[in-house]
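Worksheet for the structure shown next.
The numbers here are math on the coordinates, done by the rules we state, and not lab data. Quick caveat: nothing in here was measured; it's all calculated off a predicted structure. Quick reminder, even Gly has a Cβ in these numbers, built from the backbone with ideal geometry, and neighbours come from all protein chains shown.
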Amino acid sequence: MDNALAILKQEPLSVRCQNLTELLPTLPIRQLHMYLPQLLSNIFGYDSTPGWRLSSLHSNFHPTDFKAIRAFLKPNGGCLFKALQCLESDNSSHFLFPFNALPPNSVALLNDRAVPSLYRMFVNVDIESKELSMTAYHYYFMYFTYFLIHPPPGVVWPASLADVLYTQLVEDYLHFFLPPGNSIPNFGAAHPINRFVPNTYSLSQAFAEIMFEMWLNQRGNDTNKVVLSIDQHQSRSLIPWRMDSYDHNNKDLQVRIIRMLVKHTHRFVYTPHLVKDRYTEDITNYISSSFQSNTYQFLNYHFATWPLISSFRGLLETWLSYIQPWRYTSIVPGPLTDSNISEWQNFIRDNLPAYCNLLDRCLRRMSHSLICSGKNVTLLSRVLKIYSAPPLLRTICELERGNTHNIVNVFTEGEAAQELLDKLSGEIMHLEKQLSKSTPSVGQSAAASGLFGWISEGLWSQPDQQDAQQKTVDALRSSVSQLQTMFYISPNMETTSTCPSEQSGPDYVTDALHRRRLTPQGRERMVAGTLKRDLKDVTAECNPALRPICSYENPHLVRYLYKLSLSLSGKVARQLRVVHGSKGPIQSVLKPLVVQVKEDVSEEGALLLNLRPVASYRFIFYSALIFLLSYMSGINPLLIFTYLGLALAACAFASSIVTSS
């Protein structure tokens, strides 16, 4: 056993895989059972080591380690899967997985002793110890899927996932366990695999269910640490997937892999299989039903909670892939036509909320975002192009009229489309007004002639920007035309007859809880850039500590300062409560250093140190400038910062006294 543990510390990884390939077949079942948790913890990096770098190994830059690990972990003939099969043959081999490492809504059901069907099928549930007892295969699948939703500290996903080892392993497992058109692998000939599922002989169903559970069933926010037992003498911590805005860079990459799962599941479910038996049909129907319910819940949750940032594009692409299974199921994929619409009517009927409710959310989101951005216009055009296809549009409208249960009548009511149409029309007029102002007249063109005119034109003119604005206007006009055709509506001339900056009306209103909020008029003026002041006390709808990172902030410094704030706030929690709850000049000076973290503005929340202003590029620039000037003048920079801090504190103290009096 000591030799086995020593192998886990060997470098390079290719040598480690070779030695494990020689060692694992020689271990008795009992030692293999004790060794597997430590091996998986080492592979995925949960034993305070970098792990096997599944998220960073690239086939072009690390070919030796890449090939060795992929061969070691491959499902068909890989050394690890052979070891898992040996453990499956021993009925006494089982492994513990904690409740709290599962999706939060499943944790709530398990704590209430309402065991979801998934866990009744392939694991034993111990309600008292709050652990799941499962077989070796399921234990590995849990580790593998958990790595995507919460990688260990220090793991950073690359910008491109195409040739990363983890992505390649996902594709290997999908093609092996869910082969499109081919027969499902039979593991039950020699060893009774998956004994918790009666009358089955394959892990395909369990593998798919674990992916749907761990990757798609993410609709809560639980950040408590939990302990996963490895053996009697060792443990490690797992943290469920956090849903805060600082994880959106990683979540964007996670959504790409989920989109790959969506497309592959479509291929598996809807491609005719060469072997047609009862088991294949049953498992296909079961996976299809579970896949549809989990995917819609995943998309619906994130459509409602994803901030107004560019990474939303990945989620929108995943949605468009889900509602277009005909693109991935035939030998020659193609668009939906009148000749094949009858084949997909059942799918559209079963997934009508994904077509109607999510379209309603998408249109409302576009009406509240910076729609004049070229990227947003492109996304909107893609959505409208798909929905404007006559067979799909006609089918959705017919089903919408006859089915009102949990369905937003996005086409028959047209409220979201009308709101977006008015916004688009206003943006068109606003952009056209800008273009007319930026177009030089004849006299200006003549005055700009000559050497100095040529230099100034080369330095200051922006023909590319004007061309981009004109393309945006053309795309907006095309979107308006599509919306009018699809929803049989026209722009509201009362709201689009003037530019947003010229409209009249209040910029904000006060609700029943005495919170000031922007009105649609104020939002329009904010987007147009004409409203920048006098709204400091408007209540933010998002958590102030977790608002999206702005362009004037350093992303890495924001994340580091947030973690530092979490660690420091626990040590000075009592002092923070005193500052936040007391009144007086000193407390008024210190209050900007305290931020209240809460999920709802009407509820109390935790108090954190507000270190985020330090991450702004303006603060960094002035700090570097002060250090440079102090270095050149020979003055201690700490002395300068001390004087500046005292001066600012004195000004704030005097201002608070005047305000209170």
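In order along the range 305-315, the phi-based Karplus estimate (6.51 cos²θ - 1.76 cosθ + 1.60, θ = phi - 60°) of 3J(HN,Hα) comes to 10, 5, x, 7, 10, 5, 5, 4, 4, x, 5 Hz; Gly and Pro are listed as x.
Averaged over residues, the count of other Cβ atoms within 10 Å places the peptides 125-137, 335-347 in the sequence 125-137, 335-347, highest first. Assuming a ≥ b ≥ c are the square roots of the Cα gyration tensor eigenvalues, decide whether the range 43-113 counts as rounded (a/c under 1.5), prolate (otherwise, with a/b larger than b/c) or oblate. Taking the square roots of the gyration eigenvalues as a ≥ b ≥ c, the range 43-113 is oblate. Between Q10 and any residue 5 or more places off or on another chain, the built amide H atoms are never under 5 Å apart. The calculated FRET efficiency for S311 paired with N340, based on their beta-carbon distance and R0 = 41 Å, is about 0.75.
FRET efficiency for the S59 to A6 pair, using the beta carbon distance and R₀ = 22 Å, is estimated at 0.15.
Over all other residues within a Cβ to Cβ distance under 10 Å of R16, the charged ones net out to -1, with Lys and Arg as +1 and Asp and Glu as -1. Length available on full extension from A114 to D350: 0.36 nm per residue minus the Cα-Cα distance, which gives 82.3 nm. Measuring max minus min along each principal axis, the C-alpha atoms of the range 84-156 give extents of 38, 33, 19 Å (largest first). Computed 3J(HN,Hα) for the range 414-423, one whole-Hz value per residue from the Karplus formula 6.51 cos²θ - 1.76 cosθ + 1.60 where θ = phi - 60°, is x, 5, 5, 5, 5, 4, 5, 4, 4, 5, glycine and proline marked x.
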